[in-house]
Structure formats: C-alpha cells, structure tokens
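Everything on this sheet refers to the single structure shown next.
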Amino acid sequence: MKKKLISLLLAGVMVVALAACGGDKPADTQAPADTGAPADTQTPADAQEPASGMDALIEAAKAEGELVVYGSCEEDYLAVACSKFEELYGIKTTYQRLSTGEVQAKIEEESGNPSADVWFGGTTDPYNVVAAKGLLEPYDAENAAHLLDDQYRDADGNWYGIYKGILGFMVNKDELARLNLETPQDWQDLLKPEYQGLIWLSNYNTAGTAKLVINTMIQKYGHDDGIQYLVDLDKNIEVYTKSGSGPSKNVGTGECVIGIGFLHDGITQIVDNGYENIELVIPSSGTSFEVGATAIFKGAKHPNAAKLWIEYALSPDCVDQAQDNGSYQFLVIDNAKQPAQAAEFGLDPDNVMKYDFEDAKNNIETYISEVMTALGSAADDRFQTE
C-alpha cells in the first residue's frame, strides 16, 4: 500500500513538471487554432497576394519605365494617345511619326533590334509584310475580346485593329467648276484625259494607302488588268506623296484637284480646317478599306510596356480620343464611341468590297515591284520619299 502511494505521488509530480514546460513554449511556436485546414496553409492576416493578370503587367511595365512608339496615324492623334498612356501609367512615352512604308523599311533594316517598341496606326498591308519576316512579336491581348470581328486581328496575334477607313476620292468642287469638269464617280472615271495633271496619289513604296490601292485594283480587275489600270492612271497623276494623307492635305487649297486616299482624311480637312469646298466620293462600283493597326516589334527593349500599350490601344481610353484630335475613322472595338462625323458625311463602314487580306499579305511586295517595272521610266523621279 505504501509503495502504491509513492507511485501515485511520483506521477503527480511528473504531470506538474510537464505542464510547467508547456508554459515556457515560445508564443510563435503555438499550434494554430483548428480552422479545418492543414497548418502549413495558414496565411498571416497582413500578407499581400501576388499581383496577377493585368495588375502584374502594369507593375512590370512601370518597372521598365519607358516606351518608344512609331506612329503612322496623324500626328495630333499620335501625340495625345502617347500623352494619355504616360498619364495613366507613369511610363515615359516618346514617339516619332513615320509613314507605314518608312516604319517597314526601318524595322527591316534593324532586323530584330528595333529602335522602337510598338507600332501604332497605319494600314495593315505593311504590317503583314513585316510580320511575314518574323519582325513582329505575337501577343495574346486580353482586350482583343472587344474587337467587332476576327477580320480586325491577325490570326497569330501579330497585330490588332484599332480603326477602319474607307478608300475613295476627295475633290475640290470650286476647281472642278472653274475647269468645267464633272466630279469623277468611279475608278474608271479617273482615267479620262480631262483629268490629266489633276490627280494626286501617295507613293507605292512609302505609303500603306498606296499599297492598298494596288491590292484593290488587282482584286477588282484581276492581276494583269489591275496593274495596267495603275499604268493608265499614272498618265493623269501630277504628284505621288510620301504619306497616304498627303493628297487630302492639298485638296482644299486647290493645289490638288482630285486626291485618292482615305475619306476620313477628307473629313479632317472639312471639319477641322474649314475646307468646305471638298467633296467626298465613294466609288460607285465599290471600294476597299484599311484596318489601322497596332503591334509589338520583335526584340522590343521594353516588352511589358509594349504589351500594356496594346491593351491600352484596344480600349476607349485610347481610341475615343481620335475624333477629338482630327481622326474620324470608324472604330472597331465594341465599347468605343463611334465618331458622329463619319456618318454625317454618308460613310458606311459596311459599304465596302470583300478584301482578300491573305493575298495582300502574301504578294504585296511582288505587286509593288511589278507596278514599278510596268511604269518604267515614269517611275524614275516621280515618287517622293522626302
């Protein structure tokens, strides 16, 4: 009995000792409260979740801190688009305005070591040439979900559309009346001898607009007849300008009587510059259209800022500024505000011919060479590059 009592006393002493040891355990090693989850999944209340998706892209772009843009839209729109991007994200944004042909030549020469990060504006024909040479960086843009149709994006993500422009004629009504000439209504009318020396077009080598004219004529009339049309048209052309908008800027003054180009450029001259003597003509047998685009250059020095630019360019933050800065193209994202001026002048974005983008993409360089060869000596000194 005495031994049993001693055993019980020893057991009690051990329990007290163990309890005392437990009381000395550091607070940060205490077992977590039972939350129903394994202990190693517990997260401190003040822990920050890592950024993901668009937030992560914005953080990475801000860390790069800089973006360089080559723009082929009109400079007023380019300037405000870049300024807004810088304001929104605090990323230093610089730009240079170049025709699409100039950008194409520059990027080809730099061959994967570009001096700019992104391309903004201008028709897609030169974009496709550069993409085919592997000089654009594919990107799966989140905001591309807002595009109105798949025709406004490259299938491989090399470029995305931001606007749509209709090809046509801009004429000076006063000059035609003074010359006792009727307004041309269709492409074939431009070949009439009475228009000799009155027509301006842009340069096939430097302007995406002129490249679109080549593709349009070949698709309308067939390969041989399309090239012959351009040879016949050359007899009536007074000036080939470096930029696609060049003809439109000289119609109101009367220096150019008939300009071939995008009709939204004519609207700019009427609305913004007050040239009410300009008439816009949609060719009666049908015309084509441009998709103005944006893209990332392969080897861009600021790749995350470049991706963020694409998302921005596909948003109302960017494209809704166009109509307030002299650019009245139809917009191609579903949450944008369409310019009222385009509809007021009778333009319809759907009133265009079916355009074969793949043929244009695969063959435009060959077509340009064929046209220049067909023109012969006429092409020697008439195509402005300055």
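The values are calculated or read from the model by the stated rules, or taken from the named source; none is laboratory data. All of these numbers come straight from a predicted model, not from anything done at the bench. Using ideal geometry, Cβ is built from the backbone for each residue, glycine included, and neighbour counts are taken over all protein chains shown. Calculation scope for accessible area: heavy atoms of the full protein, side chains included, ligands and nucleic acids excluded. Shrake-Rupley method; radii C 1.70, N 1.55, O 1.52, S 1.80 Å.
Structure above, values below:
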{"quantity": "Long-range neighbours under 6 Å by Cβ, at least six apart or interchain, first residue of a type in the set (Ser, Thr, Tyr) within segment 356-376, second modelled with pLDDT of 90 or more and assigned to a helix (DSSP H, G or I)", "calculated": "TYR367/ILE214"}
{"quantity": "Output for segment 164-180, where each listed residue is out of contact with any Asp or Glu (no Cβ under 8 Å at 6 or more places or on another chain) and part of a helix (DSSP H, G or I)", "calculated": "ASP174, GLU175, ALA177, ARG178"}
{"quantity": "Any pair with Cβ under 6 angstrom, 6 or more apart, that starts in segment 332-349 at a residue that is open to solvent by 50 Å² or more (accessible area, probe 1.4 Å) and ends at one that is in a loop (DSSP other than H, G, I, E, B) and among the hydrophobic types (A, V, I, L, M, F, W, C)", "calculated": "ASP334/LEU148"}
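One line per residue, one yes/no per condition, for (1) over 13 Å from GLY259 (Cα atoms); (2) without any contact (Cβ under 8 Å) to a residue 40 or more places away in the chain; (3) hydroxyl-bearing (Ser, Thr, Tyr):
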residue	(1), (2), (3)
ALA141	yes, no, no
LEU148	yes, no, no
ALA155	yes, yes, no
TYR163	yes, no, yes
GLU175	no, no, no
LEU191	yes, no, no
GLY197	no, no, no
